[in-house]
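**Q** Below is one structure. I have some questions about it.
We did not get these values from a lab; they are worked out from the coordinates using the rules stated. Since we're looking at a predicted model, the values are computed, not measured. Cβ: placed from backbone, ideal geometry, glycine included. Neighbour counts: every protein chain shown.
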Amino acid sequence: MTKAKRALNRAHGSSPTPEKRSAPLESEEILQAIRHGRVDALVVAGEHGDQVVVLQGAENPYRVLIDAISDGAATLDSDGIVLYANKRFVEILSISQQNFIGSSLQSHFPPSGREKLENLIHGSLHSSSQEEITFDVESGRQRLIRFSLNPLRNSEHLTICVVATEMTALLEATEALKSNEESLRQLSARLLQLQDEERRRIARDLHDITGQKLAVQSMLLGRLDKASTGVDEEWHRVLAECKTLTGQLVDEIRTVSYLLHPPLLDELGLASAVQWYTEGFSRRTGIVTEADISANLPRLPPDVEVTLFRIVQESLTNVHRYSGSQKAYVHVKSTGDQITVEVGDYGRGMRPEMLNPMHGTVAPIGVGIQGMTERMRQLLGKLEITSRANEGTVVTATLPIAHLRILDSEETEDNRAGSSSDPVQSIAHKRILIADDHEMLRRGVRTLLQTELDWEICGEAVNGQEAVEKAGALHPDLVIIDIDMPVLNGLAATRQILRHRPQTKILIFTVHESDRMVKDIYATGAHGCLSKDKGAQDLLRVVKELFGNSTKSASATAPA
């Protein structure tokens, strides 16, 4: 175009220079360029300054290009009247191109999107603007269109260039992704629930079946040892070895059962379960673990207590496996509006990719972190993990309690005991009520106690509620009761029995013997506590001590 301008200037007779001699040649070159389509426009110098002259047909290649792109393109005047639109633009709006050119763009939108578009056009008069507008078409399908508007100032009249991008497929893909994500979360929640239920079932079977049979076996071995007179030393050695192996089996079964699902969690709540677990964790791993638990920690719904306990369990497992720390701590705090569980160590810390799944790296403990995060998300809580190299890791679970139903003492006991009449108390024998949900164990205890002529088995109960009712009806001198029983657990039953008959002695006969459990047992007012694996001689001794001493506790496991 520079050559054309110089040629036109020379044609007007300006600047007589040596270049005049080459003007015909230069003009010929310009003419040939125009003929072969290599020139689209000329700059012509006139009285009112330079003007751009667009050659006829020069814009055709650009129109072909605009019509071929996948986005819609159009030009509007300042009032939104359509001056030009490519095929894709009218396809996106599902209207006829003949009726579109010369009409107002806003008129083709429903009222809900018309105001947005008018504001968008008004804003584009001064600067570029962009907006996503949703509207429904006749098929009922919701459409999402992104409009990008830019003012074109290099023209006599203000023109607005519009690019319309179809976002409907992306919107639908996003909605489908959200739906799939929610389905995966529901599936994850269900899997976590089934996992907890299966752990609970296996733990219950180990306790109720295997553990009880081993307890009976221990009692029978004790009776056999008592009756073994006149036998050789080898016989006593084998019997002693059998008793030792039975005791070891009881300990191992108890440990596995507790790790799967600690009964303390159901019976006494999160505080007791966390205290017990940290003590056992320290013994098993050698990692000194401090537990600081709020004294005012309330009983929470079972699913909440299970979730928070699993976070403590998983976090301490990671401390043992990966941190290299010799110390750890667990803090469980209750404030007016939230429960906070914090588990920390002083070890090597975690790599950044373990904390941020966006890096795409599969970390060794990634599944555990994701599981804990999902558990908290289901309860509307949050899980935060902070870690620094060689300074340790802290896992913090925060749960708002505004939406939780805090359980009172009566709800945790499930049922209250009813009142009962007072029959005449027999003074000839000491009356004993046996409460255990395992028939084999009740039979073993009955057989053992019946060897004492001054004792009378006045009744048996198969659950905690029945124990409360029979204690009120039969007025036993002693109730021997297990902790894990249906309907009403042994600790709740103990409280209710002593509330109505404080003169009755209570002996807790259980497979649980952790320090925390023993403290909680005596906190109910129970007079004695004996592990089922201690054997026949210990049971007889403890019962005799309870009958011979009306004030002090008698137990193979004394309270701390």
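**Q** Roughly speaking, what is the stretch gain from LEU152 to LEU194, that is 0.36 nm per residue apart minus the C-alpha to C-alpha distance, in nm to one decimal?
**A** Numbers: separation 42, 0.36 × 42 = 15.12 nm, distance 6.34 nm.
Gain on stretching LEU152 to LEU194: 8.8 nm.
**Q** Counting Lys and Arg as +1 and Asp and Glu as -1, what is the net charge of the other residues whose Cβ lies under 14 Å from the Cβ of GLY102?
**A** Numbers: positive: none; negative: ASP77, ASP79.
In short, -2.
**Q** Pop a pseudo-label 7 angstrom from the Cα along the beta-carbon direction at both LEU125 and THR447 and give the gap in nm to one decimal.
**A** For the pair LEU125/THR447, the computed spacing is 10.2 nm.
**Q** Among the listed pairs LYS333/LYS505; LYS470/LYS532; LYS87/LYS116; LYS243/LYS327, give every one whose C-alpha distance is greater than 29 Å.
**A** On the way: LYS333/LYS505 36 Å; LYS470/LYS532 23 Å; LYS87/LYS116 24 Å; LYS243/LYS327 37 Å.
Correct reply: LYS333/LYS505; LYS243/LYS327.
**Q** LYS87 versus MET440, label points 7 Å from Cα toward the beta carbon: distance in nm?
**A** It works out to 8.3 nm between the two label points.
**Q** Also, quick follow-up: Take the eigenvalues of the Cα gyration tensor for segment 135-268, scale each by 5, and report the square roots as semi-axes in whole Å, largest first. Please list the in-between numbers first.
**A** Details: eigenvalues 1274, 40, 18 Å².
Semi-axes from the Cα gyration tensor: 80, 14, 10 Å.
**Q** For the pair GLU172 and THR285, how long in nm is the line joining their label points, each one 7 Å along Cα→Cβ?
**A** Label-label distance for GLU172 and THR285, simple model: 5.1 nm.
**Q** Given an 8 Å cut-off on Cα distances and at least 6 residues of separation, report the relative contact order of segment 60-166 as a percent.
**A** Values: 190 pairs, mean separation 28.8, N = 107.
Reported as a whole number, the value is 27 percent.
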